[in-house]
Amino acid sequence: MKARPEADVTTLKGVGPRLQSTLAKLGIHRLVDLLLHLPFRYQDRSRVVPLRQIRAGDDCLFEGSITACQTLFGRGRSLKVTLEDGTGQVVLRFFHFSRYQQENLSKSTYLRGYGTFRFYGRDLTCAHPEYETFNEPPPPPEATLTPVYPTTQGLGQARLRSLADQVCNLDWPDDIGTPFADLEFLHRPPTGTDFSEIDAVREKIAHDELTAYYLVMKGRALERKANVAPALPRSKALGRDLLRRLGFKLTQAQARVVSEVLTDLEKPVPMLRLVQGDVGSGKTVVAAFAAIRAAEQNCQTAVMAPTELLAEQHHINFAAWLEPLGINVTLLTGQLSAAEQRDRLEAIENGSVAVIVGTHALFQDKVVFNNLALSIIDEQHRFGVHQRMALKYKGNSYEPHQLVMTATPIPRTLTMALYADMDVSVIDELPAGRQPITTHTVAVGRRDELVKEVEKVLTSGRQAYWVCTLIDESDEIDATAATTLFPELVKKYPGNQVALLHGRMKSQEKIGVMQAFKDGEIDLLVATTVIEVGVDVPNATVMVIENAERMGLAQLHQLRGRVGRGSVASHCYLLFSEHLSEGAKVRLTAMRDSQDGFYLAEQDLKLRGPGDILGTRQAGEQSFRIADLGLHAHLMPKVIERGEKLITDDARSEEMFNLLKTWAPADSGNLTV
Ligand code: ADP
Ligand code: MG
């Protein structure tokens, strides 16, 4: 049968409405989607592992003769099968089984199975293996690798394998944006294929997928640039006034980025610029210059922060910088009284405020801007793409310019992949005079010594953070909780003010505590990771992080960036519990040895993949089908080169068309990151 790539999956044998809706959950609608639904790993069922060589944790094909089959009565009934092959012995356990299974296992002589082994008491045991029984020695095993597909409830591997087989047997064109032969290779690796060949083919396909993605992003950028934004040329030079009043000189990097942003704003083309800068690199003030430019033209700016705490801080900063220049600033959060909210909404609508700082509250329908020209989104990785888009439609007759800021240092190759539709500015310099942060890794058993160390700091008039990953004790997670540690630390520091800050406190309370800490009324702040973004207290010079092993590098780096903001050397103590995993050891060592956010981000990318870095995993956003940015980000320079050629070279329009048709059908959400 000739394959029509975009034909419905229901054209396959055995795919009815029920299976169709299950497949839809995996993003599989068209025949080509099924072809692109590739195995994420393979089982090696081509080699029988001698029983003696099996170790706990192994996933393997095994066989032997059945030497015992007993029914056990413990907490529930179970079946225990003993298997021997002359080299050793293992146990198979079934905690639910049919009468047929039991009879078959007790009268058969040989068994071949596949499964994962664990110690169960003293027996190396495989629970519920896949198996086949024989009455004579089993024939040689299948010679090929067995694919394992990503799946969902109600859809077994066997079913997926047979669907993949069916789809591969169709008569496909040689090239559907990706060579058919490559896709088939991954579905049905030929005899003798080894894993390095599989990786190489995957990489080839990832290259195609990323190219399609790049083309889509470029397309979006073109669409945006065809729209009209308010041109914001310089008129009153209020920015100069701010420069004079700031009390510090901009770093060269800040000055460069300010000028990149202002140049964009002069044009009647919607800006979409990402400003990346490590924690403490001074992004906020860069944003302030952009807001001033809009205000000079009597246009409004929305500044959006991911948390109330951060919105509050931005409001304070923006007001202090802009109000002396005659620019009105207001705050809009979910915490206002009805009357306050009414007044502020009115001021936003009638244009009497120019800069509106807020949280998600800014998205509400009842927020009507008078003439929004610029939206600034801080810590953009905390927002979903859709939320960012929502502000876009708040412009009146124009599309507002967008400035997005992130402190998450994103490796350059990843930026190129994910933000191909944006222009990127990097603040790659910290303000002068920043003191280094010395980082120490400390076993939790030595917490008492640390308590003394911190006491010295508090006595000298400095402040400290003590960070926990949990608010309350938990049965499932073995980690120190803030509410447990807080009273203990209160007792340990009788001469100091100790306060607690966590995400379940009321917003007003949180802001009150934070303000008191800023004002120096609190010496030690026991907090959860709510303080991760934006909090700025230069007099705080020590941070202790409990259970640092539970956190990723990006998050640890963000947290640590809360200290080292003043003129005194700072310290960060990473407390870890025993039984560190290898990964955790690598992370903690990297943190101890480096303060370079970009280096740490690269490491994080290698160790954990991009979902954690970008927070897309949390936001539940779709990622790529095949490309794994942890493995394939290095392809980006080549991808961009190819993408640009495809865009400019008319002779290659068919290749471009095929790529997009297969990988980025207009109606699928698949390629949004
Ligand atoms: P981030 O990039 O993490 O958002 P902030 O904008 O919060 O950093 O800036 C951190 C601190 O550094 C703030 O107190 C800010 O006023 C200060 N700051 C910003 N730029 C400079 C500079 N060029 N020189 C000295 N201090 C600066
Ligand atoms: Mg910031």
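List of remarks:
- Extent along the principal axes, Cα only, for the chain: 91, 71, 45 Å, with the longest axis given first.
- Prolate/oblate/rounded label for segment 437-594 (Cα gyration tensor, a/c 1.5): rounded
- Positive-end residue of His96, Leu35, Ile54, charge dipole of the chain with Cβ unit charges: His96
- Taking one quarter of the surface of the convex hull spanned by the alpha-carbon atoms of segment 549-591 gives a direction-averaged projected area of 3.2 nm².
- Relative to the current alpha-carbon distance between Gln89 and Ala158, full extension at 0.36 nm per residue lengthens the span by 22.0 nm.
- FRET efficiency, Glu103 to Glu130 (Cβ-Cβ, R0 22 Å, nearest 0.05): 0.70
- Count Lys and Arg as plus one, Asp and Glu as minus one, and take only other residues whose Cβ is under 13 Å from that of Thr11; the net charge is then +1.
- Protein accessible area in the chain, 1.4 Å probe - carbon and sulfur %: 49 percent
- For segment 397-469, Kirkwood radius (reciprocal of mean inverse C-alpha pair distance, Å): 17.4 Å
- The alpha carbons of segment 238-427 occupy a box of 47, 38, 33 Å along the principal axes, longest dimension given first.
- Simple spin-label estimate for Gln508 and Glu644 in nanometres, 7 Å along Cα-Cβ: 5.6 nm
- Pairs beyond 19 Å (Cα-Cα), from Lys236/Lys267; Lys452/Lys492; Lys249/Lys283; Lys283/Lys506; Lys80/Lys107; Lys456/Lys492: Lys283/Lys506
- The slack between Phe40 and Ala255, meaning 0.36 nm per residue of separation minus the straight C-alpha distance, is 72.8 nm.
- Separation of alpha-carbon centers, segment 553-599 and segment 14-90, rounded to whole Å: 40 Å
- Mean-position separation - Cα centroids, segment 329-356 and segment 250-315, in angstrom: 21 Å
- Under-5 Å amide H pairs with Gln402, H placed in peptide plane, nonlocal only: Met271, Leu272, Arg273, Ser375
- For Ser65 and Val48, the difference between the fully extended length at 0.36 nm per residue and the C-alpha to C-alpha distance is 4.8 nm.
- A Förster radius of 30 Å, combined with the Cβ-Cβ distance separating Asn227 from Arg434, puts the computed FRET efficiency at roughly 0.15.
- Cα gyration tensor shape for segment 517-583, rounded if a/c is under 1.5, else prolate or oblate: prolate
- Prolate/oblate/rounded label for segment 47-141 (Cα gyration tensor, a/c 1.5): oblate
- Taken along the Cα-to-beta-carbon direction at a fixed 7 Å, the label points for Lys452 and Thr82 span 5.8 nm.
- Spin-label model, Ala181/Asn169: points 7 Å from Cα along the beta carbon direction are separated by 2.3 nm.
- Between Gln43 and Thr146, Val148, the built amide H atoms are under 5 Å apart, and every one of these is 5 or more places off in sequence or on another chain.
- Accessible area of the chain divided out per residue, in Å², using a probe of 1.4 angstrom: 46 Å²
The values are calculated or read from the model by the stated rules, or taken from the named source; none is laboratory data. In this text, all values refer to a predicted model and were calculated from it rather than measured experimentally. So basically every Cβ, Gly included, is an ideal-geometry build from the backbone, and we count neighbours across all protein chains shown. Quick note on the areas: whole protein, heavy atoms, side chains included, nothing else; ligands and nucleic acids left out. Shrake-Rupley method; radii C 1.70, N 1.55, O 1.52, S 1.80 Å.
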